[in-house]
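Novice: Sharing a structure with you now.
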Amino acid sequence: MEKTVFDQMNETVYHEKLTNGLNVYIVPKKGFNKTYVTFTTNYGSIDNDFIPNGEKEFLHVPDGIAHFLEHKMFEKEDGDVFQKFSSQGASANAFTSFTRTAYLFSATSNVKENTETLIDFVQAPYFTEQTVEKEKGIIGQEIRMYDDNPDWRVYFGLIENLYKNHPVKIDIAGTVESIADITKDHLYTCYKTFYHPVNMTLFIVGPVDPEEMMAFVRENQDKKSFPDPIPVERRFPEEQNESAVKHRSIKMSVKTPKCEVGLKFPVLDLQGAEKLKYEFAAELLLEILFGKSAPFYEKAYNSGIIDETFGFDYTGERGFSFAIIGGDSEKPEKLSEQIKNQLLEAKKGKHITEEAFERARKKKIGAALRALNSPEFIANQFTRYQFNGLNLFETVPLLETLKVEDVIEFAQKQIDENSFSSCFVEPKETA
Amino acid sequence: METTSEQTFRAPGCNIHVIETGKYKTNTIIVKMRAPLEKETVTMRALLPHVLQSGTENAPSAAAFRSALDELYGAVFFADSAKKGNEHVLTFTMETANAKFLHGESDLFDRALVLLSDVLFRPRITEGAFPEKIVKQEKRSLQQRIRSIYDDKTRYASMKLVEEMYQGDTYALPAGGLLEEVEPINSKSLYAYYQKTLSTDTIDVFVIGDVKANEAAEKIKVHLPFKERELPVKTKSEAVLPKEVKEVRETQDINQGKLNIGCRTTITYADPAFPSMQVLNGVLGAFAHSKLFMNVREKESLAYYAASRLDSHKGFLMMLAGIDQKNYDKTVQIMNEQLEEVKQGKISELELKQTKALLKNQLKESADTARGMVEVLYHNISSGVNRPIEQWLNEIDSVTKEEAAEAAKTIVVDTVYFLAGKEEA
């Protein structure tokens, strides 16, 4: 077990790669009641074309299968795992993103039992035709719920605009039609390919004794046998730099229109600190251009084309990276025009002043510190960083070394008008 | 478990509660101001926090104020309004990084407190009123915010249910204000109302973080000098029980129907039987092992979400699920059956054990965040009972099946609200 101390952050990380390949991280949190544990596989909605474990040919699986698999992991021959977590006083959950599937619990007691339950249930798949069919009704309702959610629709509408071929454009839950094709055999195939310990990370944060917890996990894993790991071979379609569709408008039963502008960044092969620097440059750029203290925000707010729902988000995962800017607006055309202008002006060097940079950087440092109050944030983000070859606790020290030139250079190189797109949700005309 | 004790200090116009703890990387100051919910004031109260942060004497615009926050290492300030039973609570939160984690910074807490003081005591004023322009902008923003509730169908359905169920009771008023009441507000009347709020609301200030309690309390007294006031005597509202179940159906062009069943109970937070009510709500629908989740979702695949929620300060319990409209009758029937089961005491030992374990877990977890701790304290402060967290945990533990069933028997279904899609699927 290796121990890394992050002095400035007052945090210590314990790490061990077990003999079966599983990465285990422990961050002790003194004074907290809650222990939060995530068990995550480096497998999400975009991984839909791959060579199944033990085979030679590529297989294309139905949309929404990673999320479907996540749902079905909880059901076992002797009932639902939620029941067991509840009995042990733990609140359990799971989520599927573009690139990850995470199973988790939080508990203030029985931490070892719950950790064992978590590991054991994720490492013991049990799927039958009958339970798979039953789940289609439940997930069907989840999909319908999102279909009525204008924020989700405008977000995914925009990603669909940005990408021509890449599976990031596919809704994580799939569609009612695509999940209809899912069988128990599909689930086993995906499970065998992506749930090998070598592809997974266990993260524990809370008031625990790191030595003791690590020994407990090690012992649990030593009792189980796994096939020799085979590197997962995934395939992604070629993706152009330009956005696929420049604009779309979705009509829904809403009163306030929504406007989101997106820009897609080219995929660069960066690692470690370089990659982190790229990500921060993107985030600081957005803060400088569109943050609540930016002149853009003040002007747009005062002229009534935005309200406090206005915001921005940068997403960077393996194989894709994009930014989204927008919110509710009575004048979506005007807002979209102004956002695009602001970006293009930044490309030419405008707006990115030393003063604005310094303010944005301080804000980001404060946010990074605040986030470390949250065990959920630490576990989820540390895992995301680790899958991307980064370290979460290097955030603040690295932010302290960033310079305004880094952001100017990012804007110059990465903003490209051809990669812009916009998506609106607008009220349906009522008869 | 790790509990952190609170120290209370009396100041002329408020009570100051300090929790000394080193477990966070930030320090938090929270101001809570409450007054009775009233149709005449609810919209002004919803508007106030937004006007106040749009300009102070020292930072005359929203942008200037935001910049000042950013300079304090992204101090976070937010203000909102919420209902607590029949009271309307304004909450102002200021959270700032603990300077010891930063290179060469020291007095962030003091500077953040001054900013908060600017917002509450030195807002930008022109000729005895808030600036016309700011009020106009924030009125427009508020109108948009109120309108946008319609776009979030789950939230809209819950709000409509409360509106239908509590006609004639101020609890029906949405904490975010009434659309038709926004326009008549002007900058002078709003400022006059704010002055009244400052001098008559019941105010509590909380400080949580790496501070010394005495010092922190002194600083609060200096920077947040609320004047002495006479606090209103709380009147207990009589619980009204419905004569018959009301059914309301609304249609919109949507995919999934939203079923919300509203119930009344006489047991609120202040009642000694409250922990039994909590356990009952847990058995019925608060968790993934609960009867509603197991029967509506897992057994019948009718819904993705199927749950119950309890407003502990009102005695309002809501069962809800998102379903296909064709399954309306079936779902209503199953939900009513589950409610009937708990009333008859059909609660297994396992259900009881699971529910208690999770309720206790929730409560202990909430003590891990500054805001969570304040919410737990505020339950007691606002309802005038004293249920320290340790005692609360013990009370939950000792609830019997019979007590939970007794609590269930106080529940009466009042209104069944259904937001249906246009086409029958």
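The values are calculated or read from the model by the stated rules, or taken from the named source; none is laboratory data. Fair warning: this is a prediction, and the values are worked out from it, not measured in the lab. A quick note on method: Cβ atoms are made from the backbone with ideal geometry, for glycine too, and the neighbour counts reach across all protein chains shown. Side chains are part of the model used for accessible areas, which takes the heavy atoms of the whole protein and leaves out ligands, DNA and RNA. Shrake-Rupley method; radii C 1.70, N 1.55, O 1.52, S 1.80 Å.
Novice: Can you pull the one-decimal nm distance between simple spin-label points at B:LYS409 and A:ASP120, each 7 Å off the Cα toward Cβ?
Specialist: 4.1 nm
Novice: If you plug each phi of the stretch A:395-402 into the Karplus form 6.51 cos²θ - 1.76 cosθ + 1.60 with θ = phi - 60°, what whole-Hz ³J(HN,Hα) values come out, in order, with x for Gly and Pro?
Specialist: After applying 6.51 cos²θ - 1.76 cosθ + 1.60, I find 4, 5, x, 5, 4, 5, 9, 5 Hz.
Novice: Pairs of Cα atoms under 8 Å, at least six residues apart: use those to get the relative contact order of chain A, whole percent.
Specialist: So the answer I get is 21 percent.
Novice: Can you tell me which of A:GLY140, A:GLY31, A:GLY327 moves the most in a GNM of chain A? Springs connect C-alpha atoms under 10 Å apart.
Specialist: Ranking A:GLY140, A:GLY31, A:GLY327 by mean-square fluctuation puts A:GLY31 first.
Novice: Still on this structure, please answer the following. Where does the protein assembly as shown land at 222 nm, in deg cm²/dmol rounded to the nearest 500, when only DSSP H runs of n ≥ 4 count, each adding -39500 (n - 2.57), divided by all residues? Don't skip to the end; give the middle numbers.
Specialist: Details: 29 runs with 349 residues, N = 856.
About -12500 deg cm²/dmol.
Novice: In addition: Please identify the GluC sites (Glu not before Pro) of the stretch A:371-431 that satisfy two criteria: DSSP loop assignment and at most 15 other Cβ atoms within 10 Å. Which are they?
Specialist: Sites meeting the loop and neighbour criteria: A:GLU429.
Novice: Keeping the other protein chains in place, figure out the carbon and sulfur percent of the accessible area of the protein assembly as shown, with a 1.4 Å probe.
Specialist: Ligands and nucleic acids excluded, carbon and sulfur reach 49 percent.
Novice: Using a 1.4 Å probe on protein heavy atoms, which residues of the stretch B:341-365 have at least 40 Å² less accessible area in the complex than alone?
Specialist: Going by heavy-atom accessible area, the residues of the stretch B:341-365 that drop by at least 40 Å² are B:GLN354, B:LEU358, B:ASN361, B:LYS364, B:GLU365.
Novice: Still on this structure: Over what distance in Å are the Cα centres of the stretch A:309-347 and the stretch B:157-197 separated?
Specialist: One Cα centre to the other: 34 Å.
Novice: With angles folded into 0 to 90 degrees, how steeply does helix B:42-52 sit against the dominant principal axis of chain B? Use alpha carbons for both and round to 10.
Specialist: Orientation of helix B:42-52: about 40 degrees from the principal axis.
Novice: I need to check one value: relative contact order of chain B, counting alpha carbon pairs closer than 8 Å and at least 6 residues apart, in percent. All intermediate terms of the calculation are to be shown ahead of the outcome.
Specialist: On the way: 715 pairs, mean separation 89.1, N = 425.
This gives 21 percent for chain B.
Novice: Please give, to one decimal in nm, the separation of the simple spin-label points placed at A:TYR188 and A:ALA244, each 7 Å out from Cα toward the Cβ.
Specialist: Roughly 3.3 nm, to one decimal.
Novice: Also: To the nearest Å, what is the center-to-center distance of the stretch B:328-377 and the stretch B:275-318, using C-alpha atoms only?
Specialist: Each part reduced to its Cα centre gives a spacing of 6 Å.
Novice: Gain in length, A:ASN93 to A:ASN302, computed as 0.36 nm per residue apart minus the alpha-carbon separation, to one decimal in nm?
Specialist: Value of the extension gain: 71.1 nm.
Novice: What total accessible area, in Å², is buried where chains B and A meet, using a 1.4 Å probe and rounding to the nearest 100?
Specialist: 5900 Å²
Novice: If you put +1 on each Lys and Arg Cβ and -1 on each Asp and Glu Cβ, how big is the dipole of chain B around its Cα centre, in Debye rounded to 20?
Specialist: 360 debye
Novice: Starting from 0.36 nm per residue, how many nanometres of slack lie between A:ASN165 and A:ASP49 once their C-alpha separation is accounted for?
Specialist: Gain on extension, A:ASN165 to A:ASP49, equals 40.5 nm.
Novice: Set the Förster radius R0 to 25 Å, insert the Cβ-Cβ distance between B:LYS227 and B:ALA129 as r into 1/(1 + (r/R0)^6), and round the FRET efficiency to 0.05. Display every interim value, and only then the final one.
Specialist: Values: r = 21 Å, r/R0 = 0.83.
The formula returns an efficiency of 0.75 here.
Novice: Run the numbers on the stretch A:300-323: which residues show a drop of 50 Å² or more in accessible area, chain on its own versus all protein chains together, using a 1.4 Å probe over heavy atoms?
Specialist: A:TYR301, A:ASN302, A:GLU308
Novice: Now, a different point. In nm, to one decimal, how far is the B:GLN167 label point from the A:GLU2 one, both placed 7 Å along Cα→Cβ?
Specialist: 6.9 nm
Novice: Taking the 0 to 90 degree range and rounding to the nearest ten, how far is the long axis of helix B:153-165 tilted relative to the main principal axis of chain B, both from C-alpha atoms?
Specialist: Helix B:153-165 and the main axis of chain B meet at about 80 degrees.
Novice: So, with +1 on the Cβ of K and R and -1 on the Cβ of D and E, and no other charges, what is the size of the charge dipole of the stretch B:69-133 about its Cα centre, to the nearest 20 debye?
Specialist: Values: 7 positive and 11 negative charges, 41 e Å.
Using Cβ point charges on Lys, Arg, Asp and Glu, the stretch B:69-133 gives about 200 debye.
Novice: Here is a further query. Given B:HIS88, B:THR8, B:TYR417, which one lies farthest toward the positive end of the charge dipole of chain B, if we put +1 on the Cβ of every Lys and Arg and -1 on the Cβ of every Asp and Glu?
Specialist: Final value for the positive-end residue is B:HIS88.
Novice: Check each residue of the stretch B:135-151 and keep those whose accessible area, probe 1.4 Å, is at least 10 Å² smaller with all protein chains in place than in the chain alone; give them in order of residue number.
Specialist: With the partner chains in place, the stretch B:135-151 has these residues losing at least 10 Å²: B:GLN137, B:GLU138, B:ARG140, B:SER141, B:GLN144, B:ARG145, B:ARG147, B:SER148, B:TYR150, B:ASP151.
Novice: Let me ask you something else. Taking the Cα centre of the protein assembly as shown as the origin and placing charges on Cβ (Lys, Arg +1; Asp, Glu -1), which of A:SER329, A:SER225, A:SER97 is farthest toward the positive end of the dipole?
Specialist: The Cα lying farthest towards the positive end belongs to A:SER329.
Novice: Please determine, in degrees from 0 to 90 and to the nearest 10, the orientation of helix B:213-223 with respect to the longest principal axis defined by the Cα atoms of chain B, where the helix direction is its Cα long axis.
Specialist: Between the helix axis and the principal axis of chain B, the angle is about 70 degrees.
Novice: Another question, if that's okay. Taking +1 at the Cβ of each Lys and Arg and -1 at the Cβ of each Asp and Glu, which of B:VAL245, B:ALA307, B:GLN256 sits farthest along the dipole of the stretch B:244-393 towards its positive end, judged by Cα position relative to the Cα centre?
Specialist: Result: B:ALA307, furthest along the dipole toward the positive end.
Novice: I want the local charge near A:ASN93. Using Cβ-Cβ distances under 11 Å, sum +1 for each Lys or Arg and -1 for each Asp or Glu among the other residues.
Specialist: Residues close to A:ASN93 contribute a combined charge of -2.
Novice: In whole Å, how far is the Cα centre of the stretch A:30-67 from that of the stretch B:112-154?
Specialist: 45 Å
Novice: Using a 1.4 Å probe, what is the accessible area per residue for the protein assembly as shown, in Å²?
Specialist: Working: 34210 Å² over 856 residues.
That works out to 40 Å² for each residue.
Novice: In sequence order, what are the phi-derived ³J(HN,Hα) couplings for the stretch B:169-185 according to the Karplus relation 6.51 cos²θ - 1.76 cosθ + 1.60 with θ = phi - 60°, rounded to whole Hz, with x for glycine and proline?
Specialist: With the stated coefficients, the stretch B:169-185 comes to 10, 5, 4, 5, 5, x, 4, x, x, 10, 3, 6, 8, 6, 4, x, 5 Hz.
Novice: Further question on the same structure: Using the crude model of +1 on Lys and Arg Cβ and -1 on Asp and Glu Cβ, and no other charge, please compute the dipole size for chain A relative to its Cα centre, in debye to 20.
Specialist: Dipole of chain A, to the nearest 20 debye: 700 debye.
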